[in-house]
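The values are calculated or read from the model by the stated rules, or taken from the named source; none is laboratory data. Values in this document were obtained by computation on a predicted structure and should not be read as measured data. Every residue, glycine as well, gets a Cβ built from its backbone with ideal geometry; the counts of neighbours run over all protein chains shown. Keep in mind that these areas ignore ligands, DNA and RNA; they rest on the heavy atoms of the full protein, side chains included. Shrake-Rupley method; radii C 1.70, N 1.55, O 1.52, S 1.80 Å.
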Amino acid sequence: MNREPRLKVFVAAAIARSITRAAEKLEISQPAVSRHIKLLEEDVGCALFRRNGRGIELTDSGQQLFEVVNPAFNRIDAVVGQLQLSAEAVAGHLRIASVHTLNTYFVVPLLQEIMTAFPNLSLQMFERSSLDVGELVERGLADVGLAYDTMISSEKLQAVRLQEETMQVFYGKASQVQIDGATDRAGKVELTENLKFVAPPVGYALRQLMDQHLGQKLRHSIEVETITLMLDAVHIGLGVCILPANMPRYLIEDRGLMRRDIVYPQMSRSVVLITHRHMKSVPVVAHIIDRFVQAAKQIGDKE
């Protein structure tokens, strides 16, 4: 039995203390109001109103029901109103700049959720190096940036740390022997000078990380600017590469590549969300930042 329409009529009549005024508020006829009240009284098994000289008033039983039902309807209206305001708040234009690696496993999957929840949002995406991401945010050409902390140093930017990104070694069948020779009993790889690396060019955050930890051991057979080219080069046997452990399966295993943890030197880097220090507070940006922070925490909890 659907009691909601009868309860809404009951609350309106209790507040108005008049069948006539309740009917006007609900935009239904007076007989309809009376009928709903009668059916509700039959349902609960007692009278809810009594007539007086000025209209109607609640009985003790009616007052008891009103004290439960009215706050419940008020809470429902409040929540619905908040949701509507939230949807309106994120209707606007948002520009996000991110590095390629973060797009593959973090940003793009989250954007699907955001766009589904907020269909009125107009989105513009930039894919750049960490340095370029910082520059776009600093110049006001992007509202939010996702990059690596080692490449962000401008005083005009503020950064929120999202997560620590651990690195793995990725390889194809052609490098199987070299990888096996550098693997310990736990199945982890020690990166040595015997391995050839497919690496990003100097100036990229990943190359900086590799130079810092590998130093003279870093022998690269080819330099490439994109993850796709890097993985293609690994696939045809030009070397191995270093990438985040969160790289999705469709980019790695589904194309015949393998991955292993690194025992030495262990490499990781901090992912940060950056905004301009003097950017005017905009509801849409605040919503998206909060969602990125939540998503990063969920990834960290799974690891």
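Say we look at the range 193-203 and pick out the residues that are buried (at least 20 other Cβ atoms within 10 Å of the Cβ) and among the hydrophobic types (A, V, I, L, M, F, W, C); which of these is farthest from Asn246 (Cα to Cα)? Even if it seems obvious, please write down each step before you answer.
So the first thing to find is which residues in the range 193-203 are buried (at least 20 other Cβ atoms within 10 Å of the Cβ), and the list is 195, 197-200.
Pick out the ones that are also among the hydrophobic types (A, V, I, L, M, F, W, C) and you get 195, 197-199.
Values: Leu195: 22, Phe197: 19, Val198: 19, Ala199: 18 Å.
For the range 193-203, the residue satisfying everything is Leu195.
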Kindly indicate whether any position in the range 204-211 is assigned to a loop (DSSP other than H, G, I, E, B), hydroxyl-bearing (Ser, Thr, Tyr) and surrounded by 15 or more Cβ atoms within 10 Å (Cβ to Cβ). yes
Can you find even one residue in the range 107-118 that is at pLDDT 90 or above, part of a helix (DSSP H, G or I) and closer than 30 Å to Ala147 by Cα? yes
Taking the range 24-56 as the search range and keeping residues that are open to solvent by 70 Å² or more (accessible area, probe 1.4 Å) and in a strand (DSSP E or B), which one is nearest to Leu7 (Cα to Cα)? Arg50
Go through the range 1-25 and give me each residue that's hydrophobic (A, V, I, L, M, F, W, C) and farther than 15 Å from Ile56 by Cβ. Met1, Leu7
Tabulated pairs, the range 292-303, first more than 14 Å from Leu146 (Cα to Cα), second at pLDDT 80 or above and among the hydroxyl-bearing types (Ser, Thr, Tyr), C-beta under 8 angstrom, 6+ apart or interchain: Glu303/Thr166
Residue among Met279, Met258, Met267 that is at pLDDT below 95, under 26 Å from Asp184 (Cα atoms) and aliphatic (A, V, I, L, M): Met267
Could you list, in sequence order, all residues of the range 250-281 that are touching a strand residue (DSSP E or B) at 6+ places or on another chain (Cβ under 6 Å), over 30 Å from Asp180 (Cα atoms) and open to solvent by 60 Å² or more (accessible area, probe 1.4 Å)? Arg277
Return the residue satisfying two criteria in turn: it lies in the range 143-192 and is of a type in the set (Ser, Thr, Tyr) and open to solvent by less than 60 Å² (accessible area, probe 1.4 Å), and of such residues it is farthest from Gly239 (Cα to Cα). Ser154
All-but-one check, Thr192 against (1) over 28 Å from Thr150 (Cα atoms); (2) assigned to a loop (DSSP other than H, G, I, E, B); (3) of a type in the set (S, T, N, Q), failing number (1)
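When the range 167-190 is examined, which residues are found to be among the hydrophobic types (A, V, I, L, M, F, W, C), in contact (Cβ under 8 Å) with a residue 40 or more places away in the chain and either touching a Ser or Thr at 6+ places or on another chain (Cβ under 6 Å) or under 21 Å from Leu251 (Cβ atoms) (or both)?
To start, the set of residues in the range 167-190 that are among the hydrophobic types (A, V, I, L, M, F, W, C) comprises 167, 169-170, 174, 177, 179, 182, 186, 189.
Restricting the remaining residues to those that are in contact (Cβ under 8 Å) with a residue 40 or more places away in the chain gives 167, 169-170, 174, 179, 186, 189.
The answer is Met167, Val169, Phe170, Ala174, Ile179, Val189.
Can you tell me how many residues within the range 216-249 are open to solvent by 50 Å² or more (accessible area, probe 1.4 Å), of a type outside the set (Lys, Arg) and more than 17 Å from Val202 (Cα to Cα)? Explain how you work it out, then say what you get.
Narrowing the range 216-249 to residues open to solvent by 50 Å² or more (accessible area, probe 1.4 Å): 216-217, 219-223, 225-226, 228-229, 232, 235-236, 238, 249.
With the extra rule that they be of a type outside the set (Lys, Arg), the set shrinks to 216, 220-223, 225-226, 228-229, 232, 235-236, 238.
Subsequent filtering for residues that are more than 17 Å from Val202 (Cα to Cα) retains 228, 232, 235-236, 238.
Adding up the residues that qualify gives 5.
Tell me, yes or no, whether the range 287-296 has at least one residue that is within 24 Å of Ser98 (Cα to Cα) and exposed (fewer than 14 other Cβ atoms within 10 Å of the Cβ).
So far as the range 287-296 goes, yes, one or more of its residues are within 24 Å of Ser98 (Cα to Cα) and exposed (fewer than 14 other Cβ atoms within 10 Å of the Cβ).
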